[in-house]
Amino acid sequence: MDPLFRLTDIHFAYPGRPPVLAGVGLTIRPGERIAVHGANGSGKSTLLQLMVGLLRPTAGTLVAFGAPRCVERDFHVVRRRTGLVFQDADDQLFCPTVTEDIAFGPRNLGQSPAQARATVEHTLARLGLEHLRDRVTHRLSGGERRLVALAAVLAMAPEVLLLDEPTNALDAPTRARLLQILTDLDQTLVLVSHDSPLRQALATRHYRLDQGRLEAG
Ligand SMILES: Nc1ncnc2c1ncn2[C@@H]1O[C@H](COP(=O)(O)OP(=O)(O)OP(=O)(O)O)[C@@H](O)[C@H]1O
């Protein structure tokens, strides 16, 4: 099967800072579940942001969904087909209510208000979050916000899901719920996480980001 993503010799540095990525290579095929771990600051979040074009490599090539992706225009389709769940849910959620936050993406993709409402209901039901439907987003707990951020991304039906530390600061029952939700998904997955049991439970391939490069393990 053709890869969904192929990253070749990717280098990246934030302006005026030492290199974060120094020759990353990664091929992701449909259905794979890839886990990435590594020390704080090793560049895991940076790697996810590069994959959807929120950052651009300083060198190297990124092929996604069968085409090289270089400039902003190239990434529109990548972001339609790839959902990034940010480490901080507050980067994802910006509407007054949970329903509006989850409807935002589907509306942007052209769904009518009625279609988007149906998508919201379906997504909430799928994640067992119906009780949060009418809640004010900024009054949710941290764990609830995280689940709603995941719902907001899943509502857009991405083919590839990029998860940045999804279990950070979750209590045991919420973490277990999230693990069940993620286990049941059929999306191709890239999971960045310090949570070793989560990585073991979910991933089919394991990498460590160290000194700017991805190594198996
Ligand atoms: N916008 C930015 N400007 C400058 N430096 C940044 C920026 N964002 C991140 N960095 C730095 O780049 C390096 C990689 O950060 P990144 O967030 O990708 O690491 P990470 O592996 O995801 O870390 P963690 O495990 O702590 O989430 C760190 O040294 C970080 O301080």
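Points to keep in mind about this one:
- Identity of the residue in segment 151-173, of a type in the set (Asp, Glu) and under 22 Å from ARG29 (Cβ atoms), that ends up farthest from the ligand (Cβ to nearest atom): GLU159
- Residue that is closer than 21 Å to ALA216 by Cβ and either touching a residue at least 40 places away in the same chain (Cβ under 8 Å) or not small (Gly, Ala, Ser) (or both), where the choices are PRO30, PRO15: PRO30
Okay, residues lined up against (1) loosely packed, with under 14 Cβ neighbours inside 10 Å; (2) in a strand (DSSP E or B); (3) not aromatic (Phe, Trp, Tyr):
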{"position": "ASP2", "(1), (2), (3)": "yes, no, yes"}
{"position": "ARG6", "(1), (2), (3)": "no, yes, yes"}
{"position": "PHE12", "(1), (2), (3)": "no, yes, no"}
{"position": "LEU21", "(1), (2), (3)": "no, yes, yes"}
{"position": "VAL24", "(1), (2), (3)": "no, yes, yes"}
{"position": "PRO30", "(1), (2), (3)": "yes, no, yes"}
{"position": "ILE34", "(1), (2), (3)": "no, yes, yes"}
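- Enumeration of residues in segment 88-104 that are more than 15 Å from SER141 (Cα to Cα), in contact with a helix residue (DSSP H, G or I) (Cβ under 6 Å, 6 or more places away or on another chain) and either at pLDDT 95 or above or of a type in the set (Phe, Trp, Tyr) (or both): THR99, ASP101, ILE102, ALA103
- Hey, THR188 within 17 Å of PHE86 (Cα to Cα) and at pLDDT below 95 or not: no
- The set of residues in segment 175-202 being over 21 Å from LEU124 (Cβ atoms), open to solvent by less than 20 Å² (accessible area, probe 1.4 Å) and assigned to a loop (DSSP other than H, G, I, E, B) consists of SER193 alone.
- Restricting attention to segment 135-147 and to residues that are in contact with a strand residue (DSSP E or B) (Cβ under 9 Å, 6 or more places away or on another chain) and assigned to a helix (DSSP H, G or I), the residue that is most open to solvent (accessible area, probe 1.4 Å) turns out to be ARG146.
- Extreme residue, farthest from the ligand (Cβ to nearest atom), among residues of segment 58-74 that are touching a residue at least 40 places away in the same chain (Cβ under 8 Å) and over 21 Å from ASP2 (Cβ atoms): ALA59
- If you go through segment 25-57 and pick out every residue that is in contact with a Ser or Thr (Cβ under 7 Å, 6 or more places away or on another chain), more than 15 Å from the ligand (Cβ to nearest atom) and on the phi < 0 side of the Ramachandran plot, you end up with 5.
- Residue that is nearest to ASP210 (Cα to Cα), among those in segment 37-96 that are of a type in the set (A, V, I, L, M, F, W, C) and surrounded by fewer than 15 Cβ atoms within 10 Å (Cβ to Cβ): ALA39
- Out of LEU150, LEU132, LEU163, one residue alone is of a type outside the set (Ser, Thr, Tyr), within 25 Å of VAL20 (Cβ to Cβ) and surrounded by 14 or more Cβ atoms within 10 Å (Cβ to Cβ). It is LEU163.
The values are calculated or read from the model by the stated rules, or taken from the named source; none is laboratory data. Treat the numbers as computed from the prediction; the structure is a model and nothing was measured. Note that each Cβ is placed from the backbone with ideal geometry, even for glycine, and that neighbours are counted across all protein chains shown. To get the accessible areas, we keep the full protein, side chains included, count just its heavy atoms, and leave off ligands, DNA and RNA. Shrake-Rupley method; radii C 1.70, N 1.55, O 1.52, S 1.80 Å.
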